[in-house]
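The values are calculated or read from the model by the stated rules, or taken from the named source; none is laboratory data. Computed from a prediction, not measured in an experiment: that's the story for all the values here. Reconstructed Cβ throughout: ideal geometry from the backbone, glycine too, with neighbour counts over all protein chains shown. Protein only, heavy atoms only, side chains kept; ligands, DNA and RNA dropped before computing areas. Shrake-Rupley method; radii C 1.70, N 1.55, O 1.52, S 1.80 Å.
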Amino acid sequence: MSKDLRSIRSVQNIKKAFVELLQEEPFEEIKVSEIARRAGIDRQTFYLHFVDKYDLLEKMNQDFIDLYKPIIFERLEVGNSFALEKLEKIYQDNWLYIKQHRQEILSLLSIDTGQICLKSDLKKMVIQKYQEVTGKNLTSFQKEMVANLYVESFITFIKEDRKISKKEIEDLLTYIREFIS
C-alpha cells in the first residue's frame, strides 16, 4: 500500500473515530489518545495529520463548508424569486451525501468551542454571499434573520432524514408568503 493511500485511510479513520466518539461523549471530554485508539493508529500518526482535536474539528468543519458552499450559493443566486424547481433540485441533488454523512454533520453542528462553531461559520458565509448577491447592506437583526432562515432550514432538512417533496416545499413557501403578508 502506498504511503499516500495509507495517509488517506488514516485521516478517514481518524474522522470516523472522532464522529463515533462524539456520539458517546461531549467534545470537551474527548482525548486524542481515544481518537487514535478508536482509529486503530498511534498518537504520533494522529499528530502527523492534525495539531490537536481542535485542528481536527476545524478541518472537518471546513470540509463540510467547502461541500455546503455550492449548495447555499446556488440557492442564493436564485435571488428574491422562490424558484421551487431549483430549490427542490438543490435538496434532491445533495440528498445522498447528506444521508451518508448525516450523523457527522449533526455532530459537527452541535459543537461550539467559543472559537470553532460550524453553525456560526455557515451563518457568516450565508450573510457574506447574500449581501454580495443582493447588494444590500443588512442591519445586524436582518443578518441574523437571513442567516437563521438558510442555516436552520438546512439543519432541519438534515434532521428530517428524508427527501423533502416538491409539494412540501411549495406548501411551506405558500405558508411563509401568507404569514409575512
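Residues checked against (1) more than 20 Å from residue 105 (Cα to Cα); (2) among the polar types (S, T, N, Q); (3) in contact (Cβ under 8 Å) with a residue 60 or more places away in the chain:
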{"position": "12", "(1), (2), (3)": "no, yes, no"}
{"position": "26", "(1), (2), (3)": "no, no, no"}
{"position": "40", "(1), (2), (3)": "yes, no, no"}
{"position": "44", "(1), (2), (3)": "yes, yes, no"}
{"position": "47", "(1), (2), (3)": "yes, no, no"}
{"position": "51", "(1), (2), (3)": "yes, no, no"}
{"position": "57", "(1), (2), (3)": "no, no, no"}
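Please give the number of the condition residue 167 fails out of (1) in contact with a helix residue (DSSP H, G or I) (Cβ under 7 Å, 6 or more places away or on another chain); (2) modelled with pLDDT under 85.
(1)
Given the criteria modelled with pLDDT of 85 or more, within 21 Å of residue 19 (Cβ to Cβ) and either acidic (Asp, Glu) or in contact with a strand residue (DSSP E or B) (Cβ under 9 Å, 6 or more places away or on another chain) (or both), does residue 58 qualify? Even if it seems obvious, please write down each step before you answer.
Values: modelled with pLDDT of 85 or more: yes; within 21 Å of residue 19 (Cβ to Cβ): yes; either acidic (Asp, Glu) or in contact with a strand residue (DSSP E or B) (Cβ under 9 Å, 6 or more places away or on another chain) (or both): yes.
It is true that residue 58 is modelled with pLDDT of 85 or more, within 21 Å of residue 19 (Cβ to Cβ) and either acidic (Asp, Glu) or in contact with a strand residue (DSSP E or B) (Cβ under 9 Å, 6 or more places away or on another chain) (or both).
Within the range 14-24, which residues are charged (D, E, K, R) and touching a residue at least 12 places away in the same chain (Cβ under 8 Å)?
Going residue by residue through the range 14-24, those that are charged (D, E, K, R) are 15-16, 20, 24.
15, 16, 20, listed by residue number.
Looking only at residues in the range 110-164 that are closer than 18 Å to residue 76 by Cβ and acidic (Asp, Glu), which one is surrounded by the fewest Cβ atoms within 10 Å (Cβ to Cβ)?
132
Just to be sure I understand, how many residues within the range 86-113 are at pLDDT below 80 and touching a Phe, Trp or Tyr at 6+ places or on another chain (Cβ under 7 Å)?
Adding up the residues that qualify gives 1.
For a quick check of your reading of the model, give me the residue pairs whose first member lies in the range 92-116 and is closer than 13 Å to residue 160 by Cβ, whose second is aromatic (Phe, Trp, Tyr), with beta-carbon atoms closer than 8 Å and at least 6 apart or on different chains.
Filtered contacts from the range 92-116: 98/157; 105/64.
Are any residues in the range 165-181 open to solvent by 90 Å² or more (accessible area, probe 1.4 Å) and part of a loop (DSSP other than H, G, I, E, B), and if so, which ones? Let's see the steps before the verdict.
In the first step, residues of the range 165-181 are kept if they are open to solvent by 90 Å² or more (accessible area, probe 1.4 Å); the result is 167, 172, 175, 177-181.
Residue satisfying the conditions is 181 alone.
In this structure, does residue 125 turn out to be closer than 17 Å to residue 60 by Cα and either of a type outside the set (Phe, Trp, Tyr) or within 14 Å of the chain's Cα centre (by Cα) (or both)? Show your work before the answer.
Details: closer than 17 Å to residue 60 by Cα: yes; either of a type outside the set (Phe, Trp, Tyr) or within 14 Å of the chain's Cα centre (by Cα) (or both): yes.
So residue 125 fits the description; yes.
Enumerate the helices (runs of 4 or more DSSP H) found wholly within the range 30-77, keeping only those where 2 or more residues are charged (D, E, K, R). Quick ask: steps written out before the conclusion?
Details: elements: 32-39, 43-49, 53-77.
In the range 30-77, 32-39, 53-77 are the helices (runs of 4 or more DSSP H) which contain 2 or more residues that are charged (D, E, K, R).
Quick one: what pairs do we get from the range 62-85, first residue at pLDDT below 75, second surrounded by 12 or more Cβ atoms within 10 Å (Cβ to Cβ) and in a loop (DSSP other than H, G, I, E, B), C-beta under 7 Å, 6+ apart or different chains?
Here the result reads 71/94, each pair linking the range 62-85 to a residue that is surrounded by 12 or more Cβ atoms within 10 Å (Cβ to Cβ) and in a loop (DSSP other than H, G, I, E, B).
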